[in-house]
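This report concerns only the one structure given below.
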Amino acid sequence: MIVADTIEEAGGETRWLDRPDGMLLRYAVFGPAGRAGWCVFLPGYTEFIEKHLETVGDLRARGFGVVVLDWRGQGLSARFLPDRSKGHVDTFDTHLDDLDAVIADAGVVQAGPLTVIGHSMGGHLSIWYCRRRPERVSRCVAIAPMIGVAAVTPAVGGLLAVFCAVGLSGRYVFGGGPYGPERQRFEGNRLTSDRGRFARTHRLIDANPDLAVADPTFGWVRAAWRSIQLTHGPGWFEEIRLPILVVLAGRDRIVDNRATERAVLRLPTVTEVRMETAEHEILGETDAIRAELWAAIDGFLGTDQGVQT
């Protein structure tokens, strides 16, 4: 399958949104919506709009109009720090406020409740959005959601608070560093078993190095940890009444599937599917795994590729 490299080649429109704090956000709209309505797709950490143009095409083929954003600190949206390779955010509430603003600016709410699909960090924020704006969302698909992070324990969470308190919020986490050639090595990567899709991501970054994000800062990890801890509080998941499909990657080495499985038990209207042979980036996996994923999504959403816009 040939996938477009630019938003415009994929039939979309690039838009920019100024936020009150001076940060400029980039997002894209692919429309009009067909019978399936509007879908908001939320990328994961380090990801950018162009990386998911294949997924946009899959959604368009199913009758969706699609809105995708570059989170602040990622893609071509404004960055917090001079070193663009650093993944940084002050709080995940900022991401949710930006999402509210993008959806309002795109003008898609007037068409009715939205389908929200998110991957990893975006899956975490998609579930947050269901709880925060239930009147705007009809259903949600959270793919390999960041409900727990394998490398962050409660003890690490305590250390993060200390590091940020003494002014290290903008520093790379221990062992972290900028984007470089070593990240382009397919062998040993923890994201996908599909060499072609892995190479495409890095080819896009080679063409526009401003897209790259590497390791997170102490501040980013602390913000993620705080947001995750809030979700595990009493009654948090139980209050979400919207239908949610949670898709786990059986070979995930990025997020903690055990934490996700515990959360699933607390969600009143959840469907869980496990892709046993998938690495973390299920949407960037092999054709066979992606076909299995889309079969699960179609079954949940009541869509199929025969629905045209």
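Listed here are the residues, each with its yes/no results for (1) in contact (Cβ under 8 Å) with a residue 24 or more places away in the chain; (2) among the charged types (D, E, K, R); (3) surrounded by 15 or more Cβ atoms within 10 Å (Cβ to Cβ); (4) part of a loop (DSSP other than H, G, I, E, B).
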{"position": "GLY233", "(1), (2), (3), (4)": "no, no, no, yes"}
{"position": "VAL247", "(1), (2), (3), (4)": "yes, no, yes, no"}
{"position": "ALA259", "(1), (2), (3), (4)": "yes, no, yes, no"}
{"position": "LEU267", "(1), (2), (3), (4)": "yes, no, yes, yes"}
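Go through the residues of the range 32-52 one by one and say whether even a single one is of a type outside the set (Asp, Glu), out of contact with any strand residue (DSSP E or B) (no Cβ under 8 Å at 6 or more places or on another chain) and surrounded by 22 or more Cβ atoms within 10 Å (Cβ to Cβ).
yes
Of all residues in the range 17-31, count the ones that are in contact (Cβ under 8 Å) with a residue 24 or more places away in the chain and either in contact with a strand residue (DSSP E or B) (Cβ under 7 Å, 6 or more places away or on another chain) or of a type in the set (Lys, Arg) (or both).
Residues that pass the stated criteria total 10.
VAL66 - would you say it is crowded, with 22+ Cβ neighbours inside 10 Å, touching a Ser or Thr at 6+ places or on another chain (Cβ under 9 Å), more than 19 Å from ALA207 (Cβ to Cβ) and without any contact (Cβ under 8 Å) to a residue 60 or more places away in the chain?
yes
Residues checked against (1) in contact with a Leu (Cβ under 7 Å, 6 or more places away or on another chain); (2) farther than 18 Å from SER138 by Cα; (3) charged (D, E, K, R):
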residue: ASP93; (1), (2), (3): no, yes, yes
residue: ASP97; (1), (2), (3): no, yes, yes
residue: ASP100; (1), (2), (3): no, no, yes
residue: ALA106; (1), (2), (3): no, no, no
residue: PRO113; (1), (2), (3): no, no, no
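Going by the structure shown, is THR303 within 19 Å of the chain's Cα centre (by Cα), crowded, with 19+ Cβ neighbours inside 10 Å and more than 21 Å from ARG200 (Cβ to Cβ)?
no
Please work out if GLY11 is touching a Phe, Trp or Tyr at 6+ places or on another chain (Cβ under 9 Å), at pLDDT below 95 and over 17 Å from LEU204 (Cα atoms).
Considered against the rule, which asks whether it is touching a Phe, Trp or Tyr at 6+ places or on another chain (Cβ under 9 Å), at pLDDT below 95 and over 17 Å from LEU204 (Cα atoms), GLY11 comes out as no.
The values are calculated or read from the model by the stated rules, or taken from the named source; none is laboratory data. Keep in mind it's a predicted model, so treat the numbers as computed, not measured. Cβ coordinates were reconstructed from backbone atoms using ideal geometry, including for glycine residues, and neighbour counts include every protein chain displayed.
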